[in-house]
Amino acid sequence: AQKITQTQPGMFVQEKEAVTLDCTYDTSDPSYGLFWYKQPSSGEMIFLIYQGSYDQQNATEGRYSLNFQKARKSANLVISASQLGDSAMYFCAMREVRMNSGYSTLTFGKGTMLLVSP
Amino acid sequence: DTGVSQDPRHKITKRGQNVTFRCDPISEHNRLYWYRQTLGQGPEFLTYFQNEAQLEKSRLLSDRFSAERPKGSFSTLEIQRTEQGDSAMYLCASSLEGGDYEILTVNTEAFFGQGTRLTVV
């Protein structure tokens, strides 16, 4: 089963509008972290925002906010006031605590390509 | 520049040749990760190091792949007898985290390099 599911292969938005990128996850661990990364055409993965499973409030970082619905196991990224420079691939990722080894690594979804038009 | 750097940025090689990639993490970071990303997919975990110790290897890491981090600083990823299926972007990431089992951290973000794009012809 997919750990991270991003159902939108591509999204289009006009400049200055808000856009929501969907992410659902699957885990049975009580402690986990959810991350969003941006990957422009240059290839580098740029960290955007983090949400912990025990966090009571939704995370926000500037124009980025995370709509965390724990019961639904969703962690959607909301970008407000889109800019042309936001055009990129966006990846949702999860990090779990591995009870057998105590170590955790990031598991990524397949990504959503966001295109911002003038 | 104090970010994660990878070298080379691009590599084209003939099938059957060996290739080696290098990753220099952020200097104080104790964890270093290797990921592979194929076209249209998200990065897939290959292996990671805590200082110089290689703590976990994915089943994606076949016998032809070997990674080292000899002094707990830079790391190399070698692919022997390359195959066309090895063509991908190889991403390195680093993070600073508590070690061992006492501190289990999930909230530390990993900082990624720009990757090495490998093409096997």
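Quick note: the coordinates plus some simple rules give every number you see, no bench work behind them. Small disclaimer: the values here were computed from a predicted structure and weren't measured. Reconstructed Cβ throughout: ideal geometry from the backbone, glycine too, with neighbour counts over all protein chains shown.
Quick look at the values:
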{"item": "Any chance A:Ala59 is out of contact with any Leu (no Cβ under 9 Å at 6 or more places or on another chain), more than 10 Å from every other protein chain (Cβ to nearest Cβ) and among the small types (Gly, Ala, Ser)", "result": "no"}
{"item": "Sole residue being away from chain A (no Cβ under 12 Å), exposed (fewer than 14 other Cβ atoms within 10 Å of the Cβ) and without any contact (Cβ under 8 Å) to a residue 40 or more places away in the chain, chosen from B:Lys71, B:Lys14", "result": "B:Lys71"}
{"item": "Lone qualifier among A:Thr105, A:Thr112 - being within 7 Å of chain B (Cβ to nearest Cβ), touching an Asp or Glu at 6+ places or on another chain (Cβ under 9 Å), surrounded by 15 or more Cβ atoms within 10 Å (Cβ to Cβ) and not aliphatic (A, V, I, L, M)", "result": "A:Thr105"}
{"item": "Of the criteria (1) out of contact with any Asp or Glu (no Cβ under 8 Å at 6 or more places or on another chain); (2) surrounded by 14 or more Cβ atoms within 10 Å (Cβ to Cβ); (3) hydrophobic (A, V, I, L, M, F, W, C); (4) more than 9 Å from chain B (Cβ to nearest Cβ), which one A:Phe68 fails", "result": "(1)"}
{"item": "Selection count where residues are within 17 Å of B:Gly115 (Cα to Cα) and polar (S, T, N, Q), scope segment B:27-62", "result": "4"}
{"item": "Residue under evaluation B:Ser62, criteria (1) under 16 Å from B:Leu91 (Cβ atoms); (2) surrounded by fewer than 17 Cβ atoms within 10 Å (Cβ to Cβ), criterion not met", "result": "(1)"}
{"item": "Leading residue by the ranking (farthest from A:Gly111 (Cα to Cα)) among those in segment B:30-44 that are surrounded by 19 or more Cβ atoms within 10 Å (Cβ to Cβ) and not small (Gly, Ala, Ser)", "result": "B:Arg31"}
